[in-house]
1. Once the Cα gyration tensor of the stretch 31-158 is found, what semi-axes does its equivalent ellipsoid get, as square roots of 5 times the eigenvalues, in whole Å, sorted largest first?
2. Based on Cα positions only, what radius of gyration and what Dmax would you give for the stretch 127-228, in angstroms?
3. Ranked highest first by average number of other Cβ atoms within 10 Å, how do 13-20, 215-222 line up?
4. Around PRO117, what is the net charge, scoring Lys/Arg as +1 and Asp/Glu as -1 over all other residues with Cβ under 11 Å from its Cβ?
5. What does the stretch 160-203 give for Rg and for Dmax, in Å, if only its C-alpha atoms count?
6. Restricting things to alpha carbons, tell me how big the chain is in terms of Rg and Dmax, in Å.
7. Let me know the charge dipole size of the chain about its Cα centre in debye, to the nearest 20, where only the beta-carbon of Lys, Arg (+1) and Asp, Glu (-1) is charged.
8. Any chance you could give the angle, 0 to 90 degrees and rounded to 10, that helix 23-42 forms with the longest Cα principal axis of the chain?
Amino acid sequence: MTHSPSEGVIRFAVEHTQAALEPRVHGEAARVLGAWREILAHLRLLGRDPSRYDGLGFGNVSARVSPLGGAPQGARPFLVSGSQTGGIVHATLRDFCVVERWELVANRVTSRGEVPPSSESLTHAALYDCSPAIRCVLHAHSPALWRHARALGLPVTDAGAANGTPAMALEVQRLFRDGVFASLEIAAMGGHEDGILVFGADASEAGETLVRHLARALALPGRAEGAS
């Protein structure tokens, strides 16, 4: 089936095959991502809250599922949480899909699973295209990090690049090319309220990077209380 960019919060065209993913192939990756997803939910960096973002789910997680190296750009398959699954407390393999191919400029992804891919999948794909060494991407929502990104020395994407669009995907690639991710592996999404991107060689590395910088944000003098 095909989802138009205007359907729900997905802004890209999706060629999605409705099919169950094999636990033997993707089960372990889903369990690891699910564990970090629960940690982010406890920290209010991911989930669904009627008082935030018009009640829509927010935040998503992904991990490469193809072998290290070898795969060309636009075809480095990754497992990603499904569209609007933020409210699910304990995500299982059924709540993930595999994005198999993508075209950034054409604004299109091809995926397979029981749910369509997260609305931020194009941005995840763009980061996987940057380097085969990037094996996990986390998209969190943190007012504390987002509002104080520049004070913390974090890179910020152009405010004109909206989330889930080719503009955002190309913007994160620009930051990577410019070398600003060299030691940080984290960025605030200037055009996406509270949006934070973090990546790493695996989920533990990405998650620890996110938590470390969140602690820095929460320790800032004069930070407004409750701005998690």
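Since every read-out is calculated from the coordinates, none of them should be taken as a lab result. All figures in this text were calculated on a predicted structure; none of them were measured in a lab. Methodologically, a virtual Cβ is constructed for each residue, glycine included, from the backbone with ideal geometry; neighbour enumeration extends over all protein chains shown.
1. Values: eigenvalues 110, 71, 37 Å².
One finds semi-axes of 23, 19, 14 Å for the stretch 31-158.
2. Here Rg and the maximum Cα pair distance are 12.9, 40 Å.
3. On the way: 13-20: 15.1, 215-222: 11.8.
Going by the mean number of other Cβ atoms within 10 Å, highest first, we get 13-20, 215-222.
4. On the way: positive: ARG112; negative: GLU15, GLU100, GLU120.
Net of charged neighbours comes to -2.
5. Taking only Cα atoms of the stretch 160-203, I get Rg and Dmax of 10.5, 30 Å.
6. Taking only Cα atoms of the chain, I get Rg and Dmax of 16.1, 51 Å.
7. Values: 21 positive and 23 negative charges, 47 e Å.
Value, rounded to 20: 220 debye.
8. Orientation of helix 23-42: about 20 degrees from the principal axis.
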